[in-house]
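K.L.:
Sharing a structure below in structure tokens format, with a few things to ask.
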Amino acid sequence: MKVLTPIKRVVDFTVKVRVKADGSGVDLDNVKMSMNPFDEIAVEEAIRLKERGVATEIIAVSLGSAACQETLRTALAMGADRAILVETGDELEPLAVAKLLKQIVLKEEPHLVILGKQAIDDDSNQTGQMLAALLDWPQGTFASKLEVAGSKVTVTREIDGGLETLELPMPAIISTDLRLNEPRYTTLPNIIKAKKRPLDILKLADLQTDVTPRLKTLKVAAPQPRKPGIRVNSVEELVTKLRDEAKVI
Amino acid sequence: MPILVLAEHDNVALKPATQNTVTAARRISEKADGAEIHVLVMGHEARKVAEATARIEGVAKVFLADAAQLGPQTAEVLAAQVLLQTGAEAYSHVLAPATTFGKNLLPRVAAQLDVQQISGIVDVINANTFVRPIYAGNALATIEAIAGTTIVLTALATGFDAAPMVETGAPVEPAKEIATDKAGVRLVGRQLASSDKIELTAARVVVSGGRGLQKAENFRLLEALAAKLNAAVGASRAAVDAGYVPNDYQVGQTGKIVAPELYIAVGISGAIQHLAGMRDSKVIVAINKDPDAPIFQIADYGLVGDALEILPQLTARL
């Protein structure tokens, strides 16, 4: 069974981004970049499926600049078998990403596509569902547990108010939530091994897909700063302030 | 052209996030010559939900798609049903709440309409320009959709007040056609928190606990405080990761986004991803033993001290 894991290179989750003074976007110069944490969980899950003898091949895919090769190498060092980069300097919206991934899926014919539920840069939470729609495949989003048995995959999903378990026929799309697993660290021997694994580079034009943006970002602004707060010295003072000043209790 | 809102419910009761989404639709309508707002209710034996939906102020018409295959509310068949609705009547906008319901369903609809969805709007500038947080709420993007296509949006409840309920309901019409379920997805089951639990996103007061509570049992101290304040209980990702509470307690970029009147953060350091989920609360209280914890930077009232000592004292004084 083949598993495809699309991954995105994003600003590292520890970085507090700054909005550019001209309002054109956020400042990404000299900022640490990493694999989107949810995609890391997706790669980890694919590897665990392989370790359990369920998956036989894991293909990591990324779309973006040449720098995404580094992110793909991380996936290879974790345990992916090979990688594909669709190289483009264009900013891709989730619909465009889903359309491009559809082309890769049609070519590679995986049984499962496992990807992060959202990227921590644009926080859209769309690509998996859109890819499922374009392929007319079932979707198991926000997964916190995954079990494959025969031609079915059982997914436990994190929903508002609790959990939901669905059984999907494969092929299917799975999007990962935080509690699915804890991704492994890459080790030096594995990083070295990963350098020998195949990483194919495709040009955007090779996939003959319309990726014209449908949205225009007019402005990016910093949120309103909150007015500075005060320190209180006791529980009593806190209760008094909340009652008489803030009037919220 | 009318605006379509997708109702969130559990076949028994309407979820309040639907009312917030109707408010977002009304804001658009005000800027689109008072376009009518239609709401689509999809479920099984959900007549009561449709009748409740019809009483949301501002709703002109409710369509009820009622069939056994819509009962489990799986994304595949619901998306097909939404497409039947948008095929039967031309809509300028399709909106759903930015909850796990809307997040799961709406991108599937958008892709089939060949539309780039705008996720999690918090403000309406005009009929095709919206504001949404990006980078865990560290930036707000103003986004314009290219005119001429259906605009597909999810709305964050924190950006829009709940539309009130009125006495006289709008008409409820049956959906003209019902989608068939071709995906073969089976709902195995749901494990939901008890219904008497106050919902985080609808609560007036939220008390959240973090790693500083040290163990699961100590969340009882937080629950006692919550009971006094009639508050919902939340948690930081660290507390969820440590296994103190289930994931649906999580407030943050990847959990729930809340904006209550009062947010009390107990033993929460204030990681970026947590702040993204609560920074728009009206009044923020932080209780933490580390005086340098980042949570104090956005708190209106900060109290430095041991959460486990302070919690019972605070509960006793309320």
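Values quoted throughout were computed directly from the atomic coordinates according to the rules given, and no laboratory measurement underlies them. Predicted, not measured: the structure shown is a model, and the values here were computed from it. Positions of Cβ are generated from backbone atoms using ideal geometry, with glycine treated the same way; all protein chains shown enter the neighbour counts.
K.L.:
What's the center-to-center distance, using Cα atoms, between segment A:193-232 and segment A:46-64 in Å?
P.N.:
Cα centroid of segment A:193-232 versus Cα centroid of segment A:46-64: 24 Å apart.
K.L.:
Among A:Ser62, A:Ser24, A:Ser144, whose mean-square fluctuation peaks in a Gaussian network model of chain A (Cα, cutoff 10 Å)?
P.N.:
Greatest mean-square fluctuation among the candidates belongs to A:Ser24.
K.L.:
Another question, then. Run down the aspartates and glutamates and flag those whose C-alpha is under 19 Å from the C-alpha of A:Lys216, throwing out any fewer than 8 positions away in its chain.
P.N.:
Here the aspartates and glutamates satisfying the reach criterion relative to A:Lys216 are A:Asp22, A:Asp27, A:Asp90, A:Glu91, A:Glu93, A:Asp121, A:Asp122, A:Asp123, B:Asp114, B:Asp123, B:Glu144.
K.L.:
Next question, about the same structure. List the residues, sorted by chain then number, that are 5 or more residues from B:Gly302 or on another chain and whose placed amide H is less than 5 Å from its amide H.
P.N.:
Result for B:Gly302 returns A:Ile230, A:Arg231, A:Val232, B:Ala286.
K.L.:
Where does each of A:Arg9, A:Arg197, A:Arg226 land when they are ranked from fewest to most other beta-carbon atoms within 10 angstrom?
P.N.:
A:Arg226, A:Arg197, A:Arg9
K.L.:
In degrees from 0 to 90, rounded to the nearest 10, what is the angle of the helix A:68-78 Cα long axis to the longest principal axis of chain A?
P.N.:
Between the helix axis and the principal axis of chain A, the angle is about 80 degrees.
K.L.:
As a test, work out the antiparallel percent of DSSP beta bridges whose residues both lie in the protein assembly as shown, rounded to the nearest 5.
P.N.:
DSSP beta bridges in the protein assembly as shown are roughly 35 percent antiparallel.
K.L.:
222 nm [θ] for chain B, helices only, -39500 (n - 2.57) per DSSP H run of 4+, per residue, to 500?
P.N.:
-7500 deg cm²/dmol
K.L.:
In nm, to one decimal, how far is the modelled label at B:Asp33 from the one at B:Val12, with both set 7 Å along Cα→Cβ?
P.N.:
4.5
K.L.:
Using Cβ counts within 10 Å as a stand-in for footprinting exposure, how do B:Arg132, A:Arg52 rank, fewest first?
P.N.:
A:Arg52, B:Arg132
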